[in-house]
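Visitor: Take this structure, written in C-alpha cells, and hold onto it; I'll ask about it next.
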C-alpha cells in the first residue's frame, strides 16, 4: 500500500517507517524542512515537504502522493520530562494536534484516502477499578493542565471518528519506552531517577501502562493492514503501580531507590497533574489489540529478572 506518514521524524516515526518498509509498503513522509527531507532520503525514505500549519501545502502534498492510508503521529514534545518543560511545550503541542492534524485530516478526506490512523493516549481513562478498555471514557473531569490535554485528545478522536468516507482508527498508546524516549537509559527520566528527582507520590498507586516504541510501530502496521475502524488500546500485558515500576526502574538503572513524597507536598510543589499520574492513573487492557491485531508486546524491560515484587 502507499502510505503517507505525518510525524515521521519523532520517536515512533523512525521505527514505524522501518516496519512499514519491512512489510513492503510504499511510504512517503511529511516534513517541513529540506534538511529533514535530506536526512529521510539518506534513510531511503521519500518525503513531501510542507508545513502542517499551511493547509494548502498539506493538501497539495497529499494530493500529489495519492496515498491509500494516512498515519498521523503529530506531536511536539520536549526532550525533558518536567512540569516546566511540558508546560512550555503545551501550546505548540496542542496547536499541532488540533490545527496541524486538522489540516492533514481535511487533505486526506479531499484526496479520497481510504484509511486514517491517529496517535492517541491510553493512560487518560477515567479513574476506577480494574483496567480501562476502549469503551471507558477519558477523564475529562480531571484537574490541572491534564484536563485541557484530555479535552483536546477527546475532540481530536471524535473529529476523526465522525469524518465521513474514511476508515478512522485511533491508536491509544501506553507510555513509550525504548530508544529515543524519556525512559531510555540515556533519557531524561532516567537522569532524574539517578538524581532522585522522580519520586513516588503518596502510596504510588497510580497504574501505568507501558509500550516499547518498536511494539508501537508493529501494532500500528498491523492496524494499517487489518484493523477495524474505531479505537484500540496499544499497551503491554502488565500495567503496574508507580511504586512497583519506579522502584524496579531505579534498580535496573543501578540508581538509588526513589524518594517518597506526600500528596499534599506534591500539590504544593508540582501541582495536580503530578498527583494524577502518581496516584489516580488507571491501567489499560490490550485485549482488543491482541484479539484483532494479533498484538504480542514484549515484557517491560526493567521488570525482567527484577527483584522488586508486584505489590498489588
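Visitor: Based only on other Cβ atoms within 10 Å, what is the fewest-to-most ordering of 269, 77, 40, 246?
Guide: Fewest-to-most ranking of 269, 77, 40, 246: 269, 77, 40, 246.
Visitor: What residue among 119, 73, 296 has the largest mean-square fluctuation in a Gaussian network model of the chain, using Cα springs under 10 Å?
Guide: Looking only at 119, 73, 296, the biggest GNM fluctuation is shown by 296.
Visitor: For 212, 25, what's the fewest-to-most ordering of other Cβ within 10 Å of each Cβ?
Guide: Least to most surrounded, the residues fall as 25, 212.
Visitor: How are the Cα pair distances of the stretch 189-262 distributed, in percent, across 5 Å bins from 0?
Guide: Calculated P(r), rounded to whole percents: 3, 15, 19, 18, 15, 10, 9, 7, 4, 0.
Visitor: Right, another one. If you split all Cα-Cα distances of the chain into 10 Å bins from zero, what percentages do you get per bin, shortest first?
Guide: Once binned at 10 Å, the Cα pair distances of the chain give 6, 27, 36, 22, 8, 1.
Visitor: With a/c under 1.5 counting as rounded, go ahead and sort the stretch 1-80 into rounded, prolate or oblate using the C-alpha gyration tensor (a ≥ b ≥ c being the square roots of the eigenvalues; past the cut-off, prolate if a/b is larger than b/c, else oblate).
Guide: The shape class here is rounded.
Visitor: What do you get for the angle between helix 145-161 and the principal long axis of the chain? Use alpha-carbon atoms, 0 to 90 degrees, nearest ten.
Guide: Tilt relative to the chain: about 30 degrees.
Visitor: For helix 101-110, what angle does its Cα long axis make with the longest principal axis of the chain, in degrees from 0 to 90 and rounded to 10?
Guide: 30 degrees
Visitor: Find the centroid of the Cα atoms in the stretch 161-176 and in the stretch 215-235, then give the distance between the two in whole Å.
Guide: 9 Å
Visitor: Please report 209, 262, 285 as a ranked list, fewest other C-beta atoms within 10 angstrom at the top and most at the bottom.
Guide: Ascending number of Cβ neighbours within 10 Å: 262, 285, 209.
Visitor: With an 8 Å Cα cut-off and a minimum separation of 6 or more residues, compute the relative contact order for the chain in percent.
Guide: 18 percent
Visitor: Hey, could you pull the Cα Rg and Dmax for the stretch 52-158, both in Å?
Guide: Just the Cα atoms of the stretch 52-158 yield Rg and Dmax of 15.7, 48 Å.
Visitor: Let me have the 222 nm mean residue ellipticity of the chain computed from DSSP H runs of 4+ only, each contributing -39500 (n - 2.57), with the sum over all residues rounded to the nearest 500.
Guide: The per-residue figure over the chain is -11500 deg cm²/dmol.
Visitor: Which residues does the label zone of residue 254 cover in the stretch 164-199, counting backbone N under 14 Å from a point 7 Å along Cα→Cβ?
Guide: 185-186, 194
Read the figures in this text as sums done on the coordinates, not as results from a lab. These figures come from a predicted structure and were not determined experimentally. Quick reminder, even Gly has a Cβ in these numbers, built from the backbone with ideal geometry, and neighbours come from all protein chains shown.
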